Every structure is written in structure tokens, then in C-alpha cells.
Amino acid sequence: MYTLLDRNRSTILVNLPVYNEAGNIEKLLLRIKSIMDFRKLDYKVILYDDGSTDDSVSIIGKLEKEMPITVIKGEKNMGLGVALSRLINKSIEIGKDEDIAVVMDSDNTHNPEYIFKMVERIRDGFDVVIASRYQTDSRLVGVNLHRQMMSHVASFVMKTMFPIKGARDYTCGYRAYNMYVLKRAKNVYGDKLIEQSGFACMAELLIKLIPFNVLVTEVPLILRYDHKIGGSKMQIFKTIMNTLKILMKLKFTKVKI
């Protein structure tokens with residue numbers, strides 16, 4: 001078991017699922033490098049390319065000499081869930097118990113400065129930290145009203161079915177995880193830790209950590225969709241239906257720890 005002192009020597013593993021982000025990925029990686037270097041944090045960036053057909057991979061390759069980058073190459077586009085599963089598995093494989101896994105979007109809508117804030121909360125003793133759209137100081141810039149309403153409804157349903165103290169935003173893709181908890185979950189669930197292939201995977205992973213009595217908290221997020229180049233890849237109706245399916249499945253699944 002790690003100690004608080006061990007946590008202060010932790011490596012931050014920044015996990016980025018990438019699919020056709022040629023217009024965004026370089027800016028994001030340079031922002032991550034700048035913030036990590038300024039904070040003097042030990043970090044590695046793990047990218048999973050989900051079969052990009054643009055210049056994303058070549059752009060990433062140009063930065064490999066400037067910062068610690070590992071690229072996992074997918075053969076074809078399989079969806080966010082597959083990308084998240086590959087990333088989490090890689091983090092578990094190379095990470096130590098005291099390390100911290102951060103997952104964020106690669107479209108430059110998530111400010112890397114929140115990495116430091118979430119890492120501090122993990123070092124305080126929390127197991128999962130969510131960059132939340134539903135805290136008092138949160139803001140959504142460039143997100144249409146319909147999508148905001150659907151996200152609120154989805155989070156309300158999930159919180160009603162699977163109440164988690166400290167969690168309000170069940171679907172946001174920007175989080176930090178205590179590596180020790182991820183390793184425990186992987187030992188129990190094996191290859192079924194993340195089964196959803198689409199955007200419902202974020203809710204699935206959070207809910208599957210409930211049996212481990214995780215301590216969850218949130219930090220307010222300013223989501224800047226106006227910084228994103230290119231349209232959203234989320235199919236809202238399909239995501240909602242898949243989320244409802246996984247919720248019903250998880251509701252009646254018993255996990256032995």
C-alpha cells in the first residue's frame with residue numbers, strides 16, 4: 001500500500017484518445033508540456049490513435065523528441081470506449097501504485113491546467129477527481145442548449161440509479177484516477193473493465209469503481225468548445241440509448257471484491 005509521501009513522487013500519466021484531431025492535437029500537447037514543465041511535474045503522455053485518417057499521427061510524431069510521448073496505434077476507428085480501454089490498460093501496465101492516470105479529450109476543449117488541480121486532490125486522498133460541468137464555478141462555452149439539457153438529464157438519471165458521494169458529472173471525459181484503484185478494478189473485472197465502445201464508457205468506468213468504496217470529488221470545469229476545430233463526434237441519441245443499456249446491465253450485476 002502506498003503512503004502520502006509516495007504520492008508526492010508519483011508520475012502523471014496523461015491519457016489522450018485521438019481520432020482525426022490534426023487541427024487540435026499540437027496545441028493541446030504544447031499546452032500540456034508548458035504546464036507540466038512550469039509545475040515541475042513528472043509526467044508521460046499516452047496517446048491512442050483510433051484509426052485517424054488525417055495528419056494527427058505525423059503531427060504527434062514531430063513532438064516526440066520534445067516531451068515524453070507514447071503512441072498506441074489502432075488499425076481502424078473503433079470508438080471512444082475501445083480507445084479508453086487501451087489507454088487505461090497501458091497506464092495500468094506501466095504505472096506504479098502511487099501514480100495518477102489523467103484522461104482528457106484531445107480536441108483542445110479541456111484546459112490542461114486542471115491536471116494540476118486534480119492531481120492535488122488525488123494527493124489529498126481522493127481516488128477519483130472529475131472536472132465537472134455542474135459545479136458553481138463551471139462554465140460551458142460554445143455548447144448548444146439542447147446538448148446541455150441532455151447532459152443534465154443523463155447525469156440526473158445516473159445519480160439516481162447509482163448515487164456516488166461527491167460526484168455530479170458522470171459522463172465528462174476529463175478525470176484523474178488513483179492508479180492503485182484502477183489496478184484493483186482491473187484485477188476484478190479483467191478485460192470487462194470497460195465494455196462500452198462509445199461515449200457511455202465514461203459512466204461505465206465510474207460506476208464500476210463503486211464497489212471499491214472510492215472517494216470521489218469534483219473540480220469546476222470551464223469547457224471551451226469554441227476552441228475546438230472541427231465538429232463533435234458524439235451521436236447524442238445513440239449515446240443516450242447505449243448509456244441506458246449499460247445502466248440497466250450494471251444495476252443488476254453483482255461484483256465480488
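Here are the numbers for this structure:
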{"item": "Residue order, fewest to most beta carbons within 10 Å, for 26, 21, 75, 113", "result": "75, 113, 26, 21"}
{"item": "Least to most buried among 197, 85 (fewest other Cβ within 10 Å first)", "result": "197, 85"}
{"item": "Residue 72 long-range amide H proximity, modeled H, under 5 Å", "result": "47, 48, 49"}
{"item": "Whole-number percent relative contact order across region 4-251, with pairs defined as alpha carbons under 8 Å at least 6 apart", "result": "25 percent"}
{"item": "Spin-label proximity, residue 64 to region 72-115 - amide N less than 17 Å from point 7 Å beyond Cα toward beta carbon", "result": "72-75"}
{"item": "Which of 70, 136, 109 has the fewest Cβ neighbours within 10 Å, and the rest in rising order", "result": "136, 70, 109"}
{"item": "Region 29-40 - phi-based ³J(HN,Hα) in whole Hz, Karplus 6.51/-1.76/1.60, Gly and Pro as x", "result": "4, 5, 5, 4, 4, 4, 5, 5, 5, 5, 7, 6"}
{"item": "Contour excess over end-to-end distance, with Cα ends at residue 153 and residue 188 and 0.36 nm allotted per residue", "result": "9.5 nm"}
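None of the figures in this text is laboratory data; all of them are computed from the coordinates on show. Fair warning: this is a prediction, and the values are worked out from it, not measured in the lab. Here the Cβ is made from the backbone with ideal geometry for all residues, glycine too, and neighbour counts use every protein chain on show.
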